[in-house]
1. When you look at ARG332, is it surrounded by fewer than 18 Cβ atoms within 10 Å (Cβ to Cβ) and at pLDDT 85 or above, yes or no?
2. Can you pull out every residue in the stretch 91-116 that is within 26 Å of GLY169 (Cβ to Cβ) and touching a residue at least 12 places away in the same chain (Cβ under 8 Å)?
3. Exactly one condition in (1) under 16 Å from the mean Cα position of the chain (by Cα); (2) farther than 30 Å from SER41 by Cβ is false for ARG319; which is it?
4. Could you please let me know if ALA160 is surrounded by 15 or more Cβ atoms within 10 Å (Cβ to Cβ) and under 31 Å from the mean Cα position of the chain (by Cα)?
5. ARG551 - would you say it is surrounded by fewer than 18 Cβ atoms within 10 Å (Cβ to Cβ) and not aliphatic (A, V, I, L, M)?
6. When you go through ALA98, ALA115, ALA136, ALA121 one by one, which is the residue that is hydrophobic (A, V, I, L, M, F, W, C), closer than 27 Å to VAL317 by Cα and at pLDDT 90 or above?
7. Can you name every residue in the stretch 397-436 that is among the small types (Gly, Ala, Ser), crowded, with 18+ Cβ neighbours inside 10 Å and within 26 Å of SER303 (Cα to Cα)?
8. Looking at VAL421 and the list (1) farther than 25 Å from PHE480 by Cβ; (2) touching a residue at least 40 places away in the same chain (Cβ under 8 Å); (3) not aromatic (Phe, Trp, Tyr), which single condition is not satisfied?
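The values are calculated or read from the model by the stated rules, or taken from the named source; none is laboratory data. Keep in mind that what you see is a predicted model, and the values were worked out from it rather than measured. Here Cβ is always computed from backbone atoms with ideal geometry, including for glycine, and neighbour counts include all displayed protein chains.
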Amino acid sequence: MRFVAFGHVRVLIDADEVPISRSRERQVLACLLASRGVPVSAHRLATDVWGADAGASTLGLLQVAISRLRSLLDPGRSRGANGLIVSTPSGYLLDAVAASVDLWGFEDGAARLLAQREPDAAECAALAARWLPPYAGIDVAGPRRHADRLTDLYADLRLAHAKALLRGGKWSEAVRLLRAMAEEYCFREPVWCLLALAQYRDGRQADALATLRHLRLTMAEELGVHPTLATESVEEAILRHDDEALHGYLTEPSAVLLTPGRRVREPVLFGRDAQLAQGAEALDGCLGDRSARAVLVEGEAGSGKTAYLDALTRLAVERGFRVVRGQNHPGRLAPPLWPWAEVVAPLTGEPAERHEPPKRPATSAGSVLTLLREAAGATPLLVAIEDLHWADAATLQLLALVARTRVPAPILLVATRRTSVVPGPALLECVAQLSRSGAAHIKVDALPKEAVAELLGSRLGPHFAELDDAVAELTGGNPFFVLQYAALLAAGADPGHDAALNPADPHLPEGIRDVLRERLHGLPASVASLLVAASVMDVIAPESLAQLVGRPLDEVLVDLDVALSAGLLVEDGVNYAFAHAVARKCVSSELSAARRVRLHERAGRLMRAARNLDRIAD
């Protein structure tokens, strides 16, 4: 049996196609193909196939679709047996070998070729010739994401093919391939540089310089940016006939390309130059002394930890690192030690669910450390464990053990955590052990106003400077909040949308409201109710707040410190204030109109009484 997903999704037995006539069943099968051996929960399958509004009845429809697929794929399967579609505690998976799935075979073949320093041109061409746009006619989230990754891989394979042609002296053939790619990837500088290099090698220096001049003018006119120094160095080398420099560019590893539908610049990380310099220093340190290091990336929700990690992994790839990532999940969506199973899986080439580490971290550490040491012996390794605030105790213990072992191999261990979640004892202990092991702490804090201006400009284009001040004040420099307001303004006709940006009563985009309400309701009830009452106060003086809510001052101070740790408050001398105007607005929206009026009246009386006492004291 063969599974075909280049083009339309089909299942073949020899030359005969298995009749999957219902679109929902074909979509479910596509989701299982896209997950490649990693279990997909029933809830995720139902949401992906039936949409975000899928109700409880949809799970029954999913079970019917799974049952029909099983009868089609395993007609001789006995009742209760799994067959090709396997049920696991984490969800459903397709238990097929890579050779029987065209997309999986393509992935493996491309990964093998791209891992070679000088892949063979004929092999690259043969594999690229198998390409068709995958999952045709299926508009479902999981297959769509998989199709994007495959398209990136296909583009990278074509670039490797072009380099192989250049190394083999087939200049004209390389020019034809790269010219076609340049039309698809109109802002991707590596493609245009290689096209210019191929034209130069083909004896067409004037065409080569014209190619790079066209790239420069297009980027300036459409993006308002200049080419990178790498592109400029290629142009200079062509002008100087510096064959050695051009050969060096040819032997550099290629970057993954973007699909034609996403012709944009490389993601820009605004306001994080210092943090990226810290990360680059850690990467270079690993390479310099060939030993493991650890980095802890910390910031509130929406501060851009994932964007920072993505940028750091790009720096790592540029330095020759291999990157493996493990993700923690909220609640009990994944079994214990799941992030480590995700890290182990690509290093062994088997699905993550088949590599769940043993339940005792002390005993599993030996096998994990051995695997990491062996993998890093061949290629430097960046291991990322994301969202420690959701991690189970075993995951945290294993992370601390790996960090303090200091494996004698170039491994950078990167962990991220959300500081706006109050840490439990296990996380506090893990962070302390990371610090004792010498981990670098990288704070992804609020963006300065200059970076807010750059981020807004990247989404809105030219705008008034007053807008930067207003959005910076409202959001406190939180990148996610800034982007939410940028989307709000981009959707409106007037970028000076005064009503939306009034700090006294700002309009809250739904994305910001959802994030802040989640943070508020994740706090203890006493803290949340205290914050709701404090939202009527311009200056949160602990003594006045204690009187307002009728609670002892010591209890109020403890709860205020919890809110401070959650990132909803900041210290203002001996008093407190909301971290940003949108936080106060969101918390205030929890009040009914009647209760808001009564709290305002009582707070006003308390403030007047305090002023009278001050005058008497004077």
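1. Against the criterion (surrounded by fewer than 18 Cβ atoms within 10 Å (Cβ to Cβ) and at pLDDT 85 or above), ARG332 does not qualify.
2. Matches in the stretch 91-116: GLY109, ALA110, LEU113, LEU114.
3. (1)
4. Yes, satisfied.
5. Here the answer is yes, as ARG551 does meet what is asked.
6. ALA121
7. ALA400, ALA403, ALA415, SER420
8. Against the list (1) farther than 25 Å from PHE480 by Cβ; (2) touching a residue at least 40 places away in the same chain (Cβ under 8 Å); (3) not aromatic (Phe, Trp, Tyr), VAL421 comes up short only on (1).
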